[in-house]
Structure formats: C-alpha cells, structure tokens
1. Considering only region 533-540, I want to know if a residue exists there that is assigned to a helix (DSSP H, G or I), in contact (Cβ under 8 Å) with a residue 24 or more places away in the chain, open to solvent by 30 Å² or more (accessible area, probe 1.4 Å) and not polar (S, T, N, Q).
2. Would you mention how many residues in region 116-143 are more than 23 Å from Ala463 (Cβ to Cβ), assigned to a helix (DSSP H, G or I) and either aliphatic (A, V, I, L, M) or open to solvent by 40 Å² or more (accessible area, probe 1.4 Å) (or both)?
3. Keeping to region 417-454, report how many residues are part of a strand (DSSP E or B) and free of Cβ contacts under 8 Å to residues at least 60 places away in the same chain.
4. Out of everything in region 231-247 that is more than 9 Å from Phe265 (Cβ to Cβ) and small (Gly, Ala, Ser), what residue ends up being most open to solvent (accessible area, probe 1.4 Å)?
5. Among the numbered criteria (1) under 20 Å from the mean Cα position of the chain (by Cα); (2) touching a residue at least 60 places away in the same chain (Cβ under 8 Å), which single criterion is violated by Val362?
6. Which residues, taken from region 254-281, are in a helix (DSSP H, G or I), out of contact with any Phe, Trp or Tyr (no Cβ under 7 Å at 6 or more places or on another chain) and closer than 21 Å to Cys587 by Cβ?
7. Any residue in region 503-530 that is on the phi > 0 side of the Ramachandran plot sitting within a Cβ distance under 7 Å of a residue that is of a type outside the set (Ser, Thr, Tyr) and open to solvent by 10 Å² or more (accessible area, probe 1.4 Å)? List the pairs, counting only those 6 or more apart or interchain.
8. Count, please, the residues in region 19-58 that happen to be in a loop (DSSP other than H, G, I, E, B), open to solvent by 40 Å² or more (accessible area, probe 1.4 Å) and at pLDDT 90 or above.
Amino acid sequence: MAIPAPLQQALTHMNAGRFAEAEQIARSWYQRHPTDANAPWLLTATLHRMHRNEQAAFFCEKAVAALPQDSERRLMLCHLLRGTKHGEATYLAEARRGYADFTGDFRFVENLAHALKKADLFSEGIDLQLKHAENEPTGQALVTLAGELAGAGRHDEARVTAERGMARTVNGVPGVSEPRSVANLCFVANAWSGITPEQLLAMHRKIGDCFDRFHPLDLGPLSNPPDPDRRIRIGYMTGDAKTHSVAFFFDALLRHADHARFEVFLYRNVTKGDETTRRFVEFADQDRVLTGLNESAAAQLMRRDKVDILVDLSGLTAGSGVWMMRSRVAPLQGNYLGYCNTTGIYQGVGSFPDGRKGDGGVDFRIVDAITDPPGPPPHGSDHLAVEQLVRVEGCFICYRPDPKLIDPDWQPSADGSIRLVNFNAVHKTSQACFDVWAEILKREPKARILLKQRPYKDPKIVAWTLNEFARRGADTSRVELLSRIEDQAGHLGIYNRADIALDPWPYNGTTTTCELLMMSVPPVSMLGDRHGARVGASILTAVGCPELIATSPEDYISKVIALGNDRARLANYRHTLRDRALASPLCDAQGFARRVEAQYINLWKSWCAANKA
C-alpha cells in the first residue's frame, strides 16, 4: 500500500526522533482523510514512542479496524492494552481474538498465554503452550514454556522442556539464539535442584555466545583521561528506578554518594515513575532517560557523558541495559544487584565488520566473601563468573526498609503450633525445598506451613503444590496456600501469623528475607554452593544471626524444629530482630556506600595505571 507523501514526511520525522513534528503532520492528515489506513498506524507508533500509550491504544484500535488482517497491528494493540486503563479483561479478550484469527502464528500463542497469566489464569496459559510448543521449529516456544512451568513451581518439567528447546537447531544453527531468550532460561535455572554451579556457568556463557554472532557497536576509542585522582564519573543503569525491590538496595548508593569524589549519572528505563523515581533523580548529579532510545543511541549518550564506570543494576531481568555492555561503552563496565549470577557477557564478545575482535564485555560484578568465596575451586568461586568478582567488605547489599512498614505484633499460637511461612516467588520453591519442608511436617506434628504468592490463586497450581507434599507423605491439612495480598498493610500483617520463615534454596530470598527481618521473623537459610544459594547466609551474618544458617538438609530440619520448640528463644527473636537488623551493617547505608565506592576507586586506579600514555 502506497504511503502518501505527507505521511512519508511524518515517518521520517518519527525515525529521527522528532516525534512532535511527526504527530502534528499525521494528525492533520488523519483529520482530512479519516479512512486512510496508514495514518492511525503511524500515530500509534509515534505516540507509543512518546510513552503516551493510552492515546496510542486509541489510534491502534482504528488501525486494526482499517486492516484487521495485519498481524503486526493486532500484536501492537495487545501490547498497548497490557498497561492501559482498558484493563486486563480487554487485553485478554483481544488476545483471544488474535489467537483465533492467527492460529498458525506462535506469537499469538505466547501473547494469549501472557494475557492469561496477567489474568491469574496460569494453568490455562501453560496448557495452551503445551498444546503448541512442540510444533514450533526453533525451540523458542519450548524455552518460553519452561519459564512458565518454573513459575508454577514445576521445575522438573521445566528443565526437561528447556533442554529439548535448547537442543533444537535450524540449518545447523541453534534455534534459540536470541540472548534474552537464553537469559530468561538462565533466570529460572538458578532455582533448579541438582544442577551444578559449573553447569549454570556454561548456560550463562551461551548468552555471550549468542552475542558472539553479532557485531558490537563500533563507538571508537575512549576519550576518558586516565587520571586516578580526578572526580570519577559513575553511571548507574537500571529499569527499576521506581518502587521496586531493587530500589530498597540501590537507595544507599545514591543517597550517600560522595559527590566530591564521584559525579553520579542515573540512566533509567523509567519515564513517569513514582515518588521513588523522583527521589533518585534528586540524589543524582545527572539524570538521563533511556526509554525509547535504541542501543546505539543510549551508548552514544553515555559516551558523550564520558562515564568512567558504568554499573548495570538489572542483570538478566526485565528492563535491563546490560546487553549494551557487549560493546565498550565505558572504560569499566560492571553489574550489581538485580540478578544472582554471572551475566555471561564475557570479554571480547563479537567482532567488528572489519574482523577486529570486540572490545566489550562485563568487567566486574559486586559480591562479598560469603556469597562468593575468593579463590580457585573446590572452595573458591572465582571460576564461576565471566567477570572479575569484586568483593565488598561485609555484606554485598544494604537495605532501606519500606517507609510503610507496620510494627510487628506477634503472639504465640494459642494451640502451640509451630507456624512456618514462605512468601518467596513460586519459582524459587525447588524440589529440594519440598523434600525438606515435607520432612519437617512428618517429624514435627505441631508444624504448619503457610505459602503465599500470586499463582496460588489458580486452583490447579494449588492442587499441584499440595500433591508435592502429599506424595512425600506429609499431612496436607497442615499446609495453607494464600494468593498475593495487594494491600501492603494486609501483606505485612500476615507476618504476625508467622513464627519462623523457610528460606528457599538453591535460590535464596533477598528482598523477602530483609522484609522478614524488619517484621522480626527469623528465617532459617541453607548455605549452598553458588551466589544465589548463599545470599541468605550473607544477610544473616550481617545481622548477627549465623546460628540460623544451615549447612545440610538435616541441619535445616533440626534448626527449624528446635527453634519452633524453644518458645523463649523464639519470642526473643520475634521481639528484637527488627531492632537488631536496623542497627546492623545490613542497614548501615553511609558505611556501605563508602565501602562500595572504595572498590570503585581501586578499579579506576587500576584502569588508569594500565592505560597511561
């Protein structure tokens, strides 16, 4: 279909980032030619890139009405409906229509599965993907399905499904070759029982292998003066500069930054944001919005800012900008928070069109000596990351409590029961967790377990979870499953029903563990063999409670049962743990900021020494 000259001009403006000009021309044309099929589609794209999604959805509906057989328009409409006031019901209805109209297009299968998940119809979404995934040739649908199975707690099925997907090839090339797809698989694999740290490292390295097939950005030579004593420009890049779990830990580095030594740049994939966003913008010296910028534009922006150290705070999670670190954006590029393992983006990934080897990669990752013991195997962990592991003294995180915290109001159970809870994401509940938690119920008749998370709204997932306890011989009448409580006060109030928390493994809690401590609930945590399985130990050491760290499944069972039966000791935790945590290094924001910045200074000095003329 030929595009009229005025709309061609509007398209040129939009592609150049001149959105206001593009909108003005396209609106003017559409007012005069309301039956034109191109104008509402162009307005959709322009308004979407301006983050005006309510208006974009309005015009996208017009664009779909003009060309209902256009799959791209139908998918865009679903995408826009996800986050607008139209609501989940409208999104789900459109997703169902798209699936019915484009039955051979796997994008519509995944789109409907996502809509079903948003509507808390988790099992229906999984069943839909099970129906179609085997027929998708690349293996991508199987990998996506594996993530959904893990999200429902079905880890054994997830692992088998993922391995089948990753084994597929198309013309001799791995079918699943998109880095984000491999990253999503790595994310859920962190919670699998029976996978070794070395196997996880190999999986993560496949992310770098994916990038090795692409050309990095050729940004030219760096122009940062290698002066170790000048003010260092540090850039924090995140998609979570808003009320989000990462923000509770990032706050200290912004709030207490040494602005005499560092000029702080905030690079955020958040536009409107909220009160947390506004606070972070105020703390930073420079604020940059990356939303709407492609990888090249974002990298060029950072090069113009001459950032010396670029730190990604999202890792392999949604909204991450770590992907651009495949190119050499800054002299030093690192990862912190947001993710519990290596990024897999190794040094020298990819090559330039002229054959030169790439110069990018993630240079360092911030950890501590408990999460990642120093040294070689078998006891050290330096070999388990593609980055240099930079160890902060003490705990690698610092927690800022939610200002909406309520006061703990714990009372012992009237019937003498031992009330055990787990409020972590369902994908963290591994088969090893079920083994041990069921054994606790079998050995201690007074024990009861409460699990709370959003997927437990789905009756099929509830039945599956209860069966995991039943097939291990546990009394399921002492297992309670609750869905997510949206009201913060109501959510926190559930902690008052708890005596002891069960930290999952091999993917420990982080934000949930800190929230438990703020509500004076003692968590028992298993010390594992990788970063994600040692975070609980690091946190408990920081707050002075190493006695709550178990070193084996039997030790975990014994600690939980012994503490549950020691009412005086339990009462002491429940009445004092918040104050102990607040007074501990875990909440020493200023001291933590200085310790992290000391590592930045060391890294910068080393880079300067290696790059002097």
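The values are calculated or read from the model by the stated rules, or taken from the named source; none is laboratory data. It should be emphasised that the depicted structure is a prediction, and the values quoted were computed from it without experimental measurement. With ideal geometry, Cβ positions are generated from the backbone for all residues, glycine too; neighbour counts draw on all protein chains shown. In case anyone asks, the SASA skips ligands and DNA or RNA and just uses the protein heavy atoms, side chains included. Shrake-Rupley method; radii C 1.70, N 1.55, O 1.52, S 1.80 Å.
1. Checked region 533-540: no residue is assigned to a helix (DSSP H, G or I), in contact (Cβ under 8 Å) with a residue 24 or more places away in the chain, open to solvent by 30 Å² or more (accessible area, probe 1.4 Å) and not polar (S, T, N, Q).
2. Of region 116-143, the ones more than 23 Å from Ala463 (Cβ to Cβ) are 132, 134-143.
Keeping just the survivors that are assigned to a helix (DSSP H, G or I) gives 132, 134-135, 140-143.
Now narrow it down to the ones that are either aliphatic (A, V, I, L, M) or open to solvent by 40 Å² or more (accessible area, probe 1.4 Å) (or both): 134-135, 140-143.
Qualifying residue count for the region: 6.
3. Taking region 417-454 first, the residues part of a strand (DSSP E or B) are 418-422, 447-452.
Then keep just the ones that are free of Cβ contacts under 8 Å to residues at least 60 places away in the same chain; that gives 448-452.
Counting residues in region 417-454 that are part of a strand (DSSP E or B) and free of Cβ contacts under 8 Å to residues at least 60 places away in the same chain gives 5.
4. Checked region 231-247; the qualifying residue most open to solvent (accessible area, probe 1.4 Å) is Ser245.
5. Among (1) under 20 Å from the mean Cα position of the chain (by Cα); (2) touching a residue at least 60 places away in the same chain (Cβ under 8 Å), Val362 violates only (2).
6. Glu275, Thr276, Arg279, Phe280
7. Ser520/Pro408; Ser520/Trp410; Ser520/His575; Ser520/Arg578
8. Initial filter on region 19-58 (in a loop (DSSP other than H, G, I, E, B)): 33-37, 50-52.
Checking the rest, the ones that are also open to solvent by 40 Å² or more (accessible area, probe 1.4 Å) come to 33-35, 50-52.
Imposing the further condition that a residue be at pLDDT 90 or above reduces the set to 33-35.
Qualifying residue count for the region: 3.
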